[in-house]
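Following: one structure in structure tokens, then a few remarks.
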Amino acid sequence: MTNATNTQESSRLNAAFLEEYNSEQSVQRYTRKTAGHGIGYLLDHEYGRIYLDSIKTYLPKSRLKEGIRIWEFGCGGGMNLLHLTSAMRRKGIGVNFACGTDFSQSLIAAARKEASSFGGPNQFDRVRFTVARNEALIEEAAKGLEVGQSELAGSFDLVFGVNTIRYAHRLDNVDRCVDGIRRLLRKGGLCIIIDMNRKFPAFRSRFRDVLKERDEKATLLPTLDEYAAPFFSAGFEVLKKENFCWIPHSAGTALTGVMRALTPALNVVARSHSMRSLVIARRVV
């Protein structure tokens, strides 16, 4: 495929993603009040446990006392970042600064609104949301935050993304995304990614995309090894790489309860086919 063809294909996919993720349906899907019971459970338990355990296990204790700096890329309506900062405060972990970025202006507007109504007064005074594409995190976020790029580079302790890095694989710019993450992190800083597991057989969104697009590139789901590969290539130490989670984000109360009960057995017989892929990587240089 020629460079010109690659550019045209990337532009087409970008336009399709922008149209989808600026829609009112996406705003409802990626803000906590309307997202579904399942994501609330995961933020309180499985995702929340991963974030907090990683912070406590892998970051220096001195950083936790001083207050850590965190960044969520592809933050959508801000659910993950707002929940994490709230949970950290409850656990006595200081938050120096938290930034959420997404390429969708509609979702960033929703995230800002969510922050203003989530928790008590001034609870999120150190949380900012701004528009930035995953492949240009520092450059575009610096403009949105009205700071110099040097103020962001090498200053973050944790960068994380949920259900977003697969789009960088689809657009063939995942190396640029991971390089931006590396540049944001201080030495010893962590990146956590959670995304769809290719082996899970029943993603409704995947069926929808295949029927609508009939386009392998637009519906690509990386393997667990493919999710981890760009971090290895960028010189990260991959601390953990596994599949987990049997609860859909959109699950209601009943389905969440059923899948919670089935999770131990499913993990024994079919863990590699669970819903999510997890990679935790540490910047070492």
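The values are calculated or read from the model by the stated rules, or taken from the named source; none is laboratory data. Everything numeric here is computed off the predicted structure, so don't read it as measured data. Cβ placement follows ideal geometry from the backbone for every residue including glycine, while neighbour counts extend to all protein chains displayed. For the accessible areas, the whole protein counts, side chains as well, though only heavy atoms, and no ligand, DNA or RNA atoms are used. Shrake-Rupley method; radii C 1.70, N 1.55, O 1.52, S 1.80 Å.
Residues that are at pLDDT 95 or above and loosely packed, with under 12 Cβ neighbours inside 10 Å: does region 206-226 have at least one? Yes, some residue in region 206-226 is at pLDDT 95 or above and loosely packed, with under 12 Cβ neighbours inside 10 Å.
Among residues of region 230-257 being part of a helix (DSSP H, G or I) and more than 17 Å from V162 (Cα to Cα), the one that is least open to solvent (accessible area, probe 1.4 Å) is T256.
Starting from region 166-180, take each residue that is without any contact (Cβ under 8 Å) to a residue 60 or more places away in the chain and at negative phi and list its partners that are of a type in the set (D, E, K, R) and open to solvent by 10 Å² or more (accessible area, probe 1.4 Å), counting only C-beta distances under 6 angstrom and pairs at least six apart or across chains. Going by the 6 Å Cβ cut-off, the qualifying pairs are R176/E135.
Cβ separations smaller than 8 Å between residues 6+ apart or across chains give the following pairs from region 258-285 residues that are open to solvent by 30 Å² or more (accessible area, probe 1.4 Å) to residues that are assigned to a helix (DSSP H, G or I) and hydroxyl-bearing (S, T, Y): R260/Y41; R282/Y58. Candidates in region 145-161 are the residues that are assigned to a helix (DSSP H, G or I) and touching a residue at least 24 places away in the same chain (Cβ under 8 Å); of these, the one that is farthest from D102 (Cα to Cα) is L152.
Evaluate region 180-197: report whether one residue or more is in a loop (DSSP other than H, G, I, E, B) and either modelled with pLDDT under 95 or buried (at least 18 other Cβ atoms within 10 Å of the Cβ) (or both). Among the residues of region 180-197, at least one is in a loop (DSSP other than H, G, I, E, B) and either modelled with pLDDT under 95 or buried (at least 18 other Cβ atoms within 10 Å of the Cβ) (or both), which makes the answer yes. Summed over region 51-101, residues that are within 25 Å of E135 (Cβ to Cβ), open to solvent by 10 Å² or more (accessible area, probe 1.4 Å) and not in a loop (DSSP other than H, G, I, E, B) total 4. Taken over region 162-179, the criterion of being hydrophobic (A, V, I, L, M, F, W, C), in contact with a strand residue (DSSP E or B) (Cβ under 6 Å, 6 or more places away or on another chain) and not in a strand (DSSP E or B) is satisfied by I165 alone.
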